[in-house]
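Q: Would you mind keeping the following structure in view while I ask a few things?
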Amino acid sequence: NEKVKSFVRTLVACPFIEVNRLEEVVDNLREWEFDEPELTKFQSTFLDYFESTWIRSLSILRWFLHYFFIFSGQFHPETWNHFNEIENITNNYSESYNSRLMKIVRTRHPNPYQLISKLVGEIVKAEGDVAWLQVGSLILF
């Protein structure tokens with residue numbers, strides 16, 4: 001269904017839309033009409049989730065959004081929005097970490113205990129790196 005594909009593409013593009021226009025985009029997506037009742041229900045349910053979790057603004061100040069965007073969602077858009085960002089917009093960082101983790105675990109499907117043990121080791125290493133950074137020491141990789 002081309003309309004569903006277009007709907008999903010628009011949602012996937014949200015990280016690259018200006019933060020103060022996100023609510024407008026969701027409002028526009030709510031106006032889309034689907035032929036099947038299941039798709040209309042999915043649209044409503046998903047957009048409710050998306051808005052409340054990722055971009056919810058206080059409706060009392062909705063008219064004021066042109067100047068201010070106040071969020072009460074679980075994840076503030078500034079943590080995931082990449083509008084005007086020209087660096088770090090690829091998933092190279094996560095792919096690099098996945099590759100590093102794969103080298104540490106050394107198997108595609110580790111048992112849970114082995115994986116947790118390796119992840120705890122990563123946390124300990126990260127905490128050590130942070131401690132070194134706080135005292136101004138150089139970290140060698």
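Q: Could you tell me which numbered condition Lys41 fails, if it satisfies all but one of (1) at pLDDT 85 or above; (2) in a loop (DSSP other than H, G, I, E, B)?
A: Among (1) at pLDDT 85 or above; (2) in a loop (DSSP other than H, G, I, E, B), the lone unmet condition for Lys41 is (2).
Q: For region 7-27, name all the residues that are part of a loop (DSSP other than H, G, I, E, B), within 13 Å of Pro77 (Cβ to Cβ) and among the hydrophobic types (A, V, I, L, M, F, W, C).
A: Applying the first criterion (part of a loop (DSSP other than H, G, I, E, B)) to region 7-27 yields 13, 17-18.
Pick out the ones that are also within 13 Å of Pro77 (Cβ to Cβ) and you get 17-18.
Result: Ile17, single match.
Q: From the list Asn92, Asn98, Asn84, exactly one residue is at pLDDT below 85, of a type outside the set (A, V, I, L, M, F, W, C) and surrounded by 10 or more Cβ atoms within 10 Å (Cβ to Cβ). Which is it? Talk me through it step by step, then tell me what you get.
A: Working: Asn92 fails: surrounded by 10 or more Cβ atoms within 10 Å (Cβ to Cβ); Asn84 fails: surrounded by 10 or more Cβ atoms within 10 Å (Cβ to Cβ).
None of the others qualify; the one that does is Asn98.
Q: Which of the numbered conditions does Ile123 fail, given that it passes all the others? Conditions: (1) surrounded by 12 or more Cβ atoms within 10 Å (Cβ to Cβ); (2) over 17 Å from the mean Cα position of the chain (by Cα); (3) modelled with pLDDT of 80 or more; (4) not in a loop (DSSP other than H, G, I, E, B).
A: Only one criterion in (1) surrounded by 12 or more Cβ atoms within 10 Å (Cβ to Cβ); (2) over 17 Å from the mean Cα position of the chain (by Cα); (3) modelled with pLDDT of 80 or more; (4) not in a loop (DSSP other than H, G, I, E, B) is unmet by Ile123, namely (1).
Here's the yes/no breakdown for (1) modelled with pLDDT under 75; (2) surrounded by 11 or more Cβ atoms within 10 Å (Cβ to Cβ); (3) part of a helix (DSSP H, G or I); (4) among the charged types (D, E, K, R):
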{"position": "Lys5", "(1), (2), (3), (4)": "no, no, yes, yes"}
{"position": "Leu29", "(1), (2), (3), (4)": "no, yes, yes, no"}
{"position": "Glu33", "(1), (2), (3), (4)": "no, no, no, yes"}
{"position": "Trp54", "(1), (2), (3), (4)": "no, yes, yes, no"}
{"position": "Gly73", "(1), (2), (3), (4)": "yes, yes, no, no"}
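Q: Which members of region 1-45 meet the condition of being β-branched (Val, Ile, Thr) and in contact (Cβ under 8 Å) with a residue 12 or more places away in the chain? Lay out the reasoning, then the answer.
A: Keep residues of region 1-45 that are β-branched (Val, Ile, Thr), which gives 4, 8, 10, 12, 17, 19, 25-26, 40, 45.
Val4, Thr10, Ile17, Val19, Val25, Val26 - these are the residues of region 1-45 that are β-branched (Val, Ile, Thr) and in contact (Cβ under 8 Å) with a residue 12 or more places away in the chain.
The values are calculated or read from the model by the stated rules, or taken from the named source; none is laboratory data. As the structure is a computational prediction, the values presented were derived from the model and not from experiment. So basically every Cβ, Gly included, is an ideal-geometry build from the backbone, and we count neighbours across all protein chains shown.
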